[in-house]
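For reference, the structure is listed below as structure tokens.
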Amino acid sequence: MTVISVIDLGSNSVRMTVSRYHRDGSYEVLARFQEMVRLSTGMGPDKVLQPEAVLRTLTALNKFKQALKVYDNNKLEIYAVATAAVRQASNQAEFLAAFKKDMGFELNVLTGEEEAHFDYVGVINTFPINDALILDTGGASSELILVRSKQAVHAVSLPVGAVNISESYLEKDHISAGALFAAIVALRQLFGDVSWLRESINMPLIALGGSNRTLAKISRKKEKIQGMAVHGYHLNVGEVALIYQEILKKDLEGRKKMPGLAKERGDIIVGGLLPLVELLLFTEGQQVIFSQSGLREGILFEQIAKNTGHDVVSPEPAAMTVDTEDL
């Protein structure tokens, strides 16, 4: 029996999942942690991580470090990865040095392709799918993976996410038609440059990431569905459009008060959902399936397989969750 911690340092939030796995490949989640840190805030065209954002992030990470002290160091494996914000940062070396000094272990900066790969591994081990398009919308990048016959045949990481779309194009309070149109045009140009994306016409879209899962949470609240678990939750394209239209009609305070929408996401939710909405239109998609399993689970599953020689045995629902919203 071994405990494994996977830390995912994203552009908008930092998350940690702590799990215990066994020699037969079975595992259970012991705890989940999340802090909204907005590491990519204010990076600008020079892609500089700002001191305030770095401080928020390191403060959150130190909370995670303290939480790990309850586990036996002799049986604890830690895998810490960073995605778009650190990947793009011109002052990446300084941040990595500060991370190692504070945490006592290395932070591995994933390429966009590696991020997409772990997303795929996380999804393919938790969904009975054959053909689908996977979208992971983060704070500063979006990963697209085309799956055919359960195999990832194409993948790409695009430099657009909830935070940088919002900062580059959209107002924080009332979203104007002109600003939204500019963001739409930019996204359509990016999608148009992905030569294989038309191969996903009419495929179901599997959506990962906090912004996308917020869409499912809003729907569940509207339908008065108990609990907040969204893994496997479905929406058709019409339902997605109606919820997005409702979000667009509201100002910042109105968005913060929407049931199912965490107030910390109120200023970036319009930009955060735009890749999903536009991708449905671009691929003529009719259905969205939401996933709680992605990068962190992909890393966990690969380590379990590597260390035990067994395929992953899916667990029962997590027994303990420590976060401000469902992960």
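Going residue by residue through the range 33-53, is there one that turns out to be open to solvent by 30 Å² or more (accessible area, probe 1.4 Å), assigned to a loop (DSSP other than H, G, I, E, B) and among the hydrophobic types (A, V, I, L, M, F, W, C)? Yes, the range 33-53 has at least one match.
If you go through the range 63-91 and keep only what is under 21 Å from the mean Cα position of the chain (by Cα) and of a type in the set (S, T, N, Q), you end up with 83, 88. Restricting attention to the range 262-281, the residues that are surrounded by fewer than 21 Cβ atoms within 10 Å (Cβ to Cβ) and assigned to a loop (DSSP other than H, G, I, E, B) add up to 1. In the set (1) in contact with a helix residue (DSSP H, G or I) (Cβ under 7 Å, 6 or more places away or on another chain); (2) at positive phi, residue 137 fails one condition alone, (2). Every test in (1) in a helix (DSSP H, G or I); (2) under 30 Å from residue 232 (Cβ atoms); (3) without any contact (Cβ under 8 Å) to a residue 12 or more places away in the chain is passed by residue 116 save one, and that test is (3).
Within the range 202-250, the set of residues being β-branched (Val, Ile, Thr) and either modelled with pLDDT of 95 or more or open to solvent by less than 10 Å² (accessible area, probe 1.4 Å) (or both) comprises 206, 214, 218, 230, 237, 240, 243, 247. Summed over the range 67-100, residues that are open to solvent by 60 Å² or more (accessible area, probe 1.4 Å), aliphatic (A, V, I, L, M) and in a loop (DSSP other than H, G, I, E, B) total 0. Considering the range 163-182, and only residues there that are hydrophobic (A, V, I, L, M, F, W, C) and buried (at least 22 other Cβ atoms within 10 Å of the Cβ), the residue that is modelled with the lowest pLDDT turns out to be 163. Listed by first and then second residue, the pairs with beta-carbon distance under 7 Å, at least 6 apart or on different chains, first residue in the range 258-275 and at positive phi, second β-branched (Val, Ile, Thr), are 260/214; 260/218.
The values are calculated or read from the model by the stated rules, or taken from the named source; none is laboratory data. In this text the structure is predicted, and so the values were computed from the model without any measurement. Virtual Cβ from ideal backbone geometry, glycine too; neighbours counted across all protein chains shown. Ligands, DNA and RNA are stripped out before the accessible areas are found, and what is left, the full protein with its side chains, is counted by its heavy atoms. Shrake-Rupley method; radii C 1.70, N 1.55, O 1.52, S 1.80 Å.
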